[in-house]
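The values are calculated or read from the model by the stated rules, or taken from the named source; none is laboratory data. All figures in this text were calculated on a predicted structure; none of them were measured in a lab. Glycine also receives a Cβ, built like all others from the backbone with ideal geometry; neighbour counts cover every protein chain displayed.
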Amino acid sequence: MNNSAANTARLLGAGARALLALTLLCGVLYPLAVTGVAQVFLSDEANGSEVRADGRTVGSALIGQRYDLPPRKGQETAAPDLRWFQPRPSNGLGANSVNTRYELLVSGATNLAGDSEELIEQVRAAKAAVIKDNSTPGHEPSPAEIPADAVTSSGSGLDPHISPAYADLQARRVAARNHVPVARVEQLVDAHTEGRTLGFIGEPRVNVLELNVALKALVAADGRD
């Protein structure tokens, strides 16, 4: 009986020491080491890839955001602010319906099939809106010019990038709305076009938030000239 109690105590002691050691190693030392390495070598990524402008954080380079006008009374959907480059549609986003204490968006895709009448109608409406919004005096985009990312949402609904073709399509409208030369806006798009990752992964892309931050600086500088 005494041997059994002694063995039990010894096993409990060994378990407690193992628990303490593993908690210290995995719960304290390892997270501190990983955090330290991330802050030293990947500080931008570790802190959320923040984009800063005018001395404050305006968003993340990894998460898309809308550029809309304040909704009018009785208006269900806010109209886009056409002074800015617009991102992809975000039809997959939904409202948080479980925890209604906070106004949260749920990221996701529409899950509509390619032959869905609802999806087809969404694409048609989006294409018509893109043509209307980006028409300027003497120039109206043709339906053939509209790239796929201009009328379809991404899998997450939060894609921060658009294609260079979609950015170029918007350049005339952005230039006209901000009263700056088209050539300068097109140069801005070229300067913010990223190539394929490692030269072969993905497609060329433009980060909309970073492009709009640069656009704001361009418009401000042009106003001072």
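Hey, any hits in segment 190-212 for a residue that's of a type in the set (Val, Ile, Thr) and in a loop (DSSP other than H, G, I, E, B)? Within segment 190-212, none of the residues are of a type in the set (Val, Ile, Thr) and in a loop (DSSP other than H, G, I, E, B). Selection of first residues in segment 26-46 that are closer than 23 Å to Thr57 by Cβ and free of Cβ contacts under 8 Å to residues at least 60 places away in the same chain and of second residues that are among the polar types (S, T, N, Q) and not in a helix (DSSP H, G or I), restricted to Cβ pairs under 9 Å at least 6 apart or on distinct chains, gives the following pairs, ordered by first then second residue: Ala38/Asn47; Gln39/Asn47. Being at pLDDT 95 or above and either closer than 24 Å to Glu50 by Cα or assigned to a helix (DSSP H, G or I) (or both): is that true of Gln187 here? In short, yes. In segment 56-103, the qualifying residues are those that are of a type in the set (A, V, I, L, M) and within 14 Å of Ala129 (Cα to Cα), and the one that is modelled with the highest pLDDT is Leu82. Annotation: Arg66 fulfils all but one of (1) more than 18 Å from Gln86 (Cα to Cα); (2) surrounded by 10 or more Cβ atoms within 10 Å (Cβ to Cβ); the unmet one is (1). Scanning segment 127-166 for residues that are exposed (fewer than 14 other Cβ atoms within 10 Å of the Cβ), more than 23 Å from the chain's Cα centre (by Cα) and not hydroxyl-bearing (Ser, Thr, Tyr) gives Ala128, Lys132, Pro137, Gly138, His139, Glu140, Pro143, Ala144. Scan segment 104-117 residue by residue and report those that are modelled with pLDDT of 75 or more and among the β-branched types (Val, Ile, Thr). Scanning segment 104-117 gives a single hit, Thr110. Among the candidates Leu169, Leu112, the residue that is in the same structural domain as Val206 (by TED's automatic domain parsing), in contact with an Asp or Glu (Cβ under 7 Å, 6 or more places away or on another chain), over 27 Å from Glu194 (Cβ atoms) and surrounded by 12 or more Cβ atoms within 10 Å (Cβ to Cβ) is uniquely Leu112. Return the residues of segment 42-79 that are part of a strand (DSSP E or B) and either outside the structural domain of Asp133 (by TED's automatic domain parsing) or within 16 Å of the chain's Cα centre (by Cα) (or both); say none if nothing qualifies. Residues satisfying the conditions are Glu50, Val51, Arg52, Thr57, Val58, Gly59, Ser60, Asp68.
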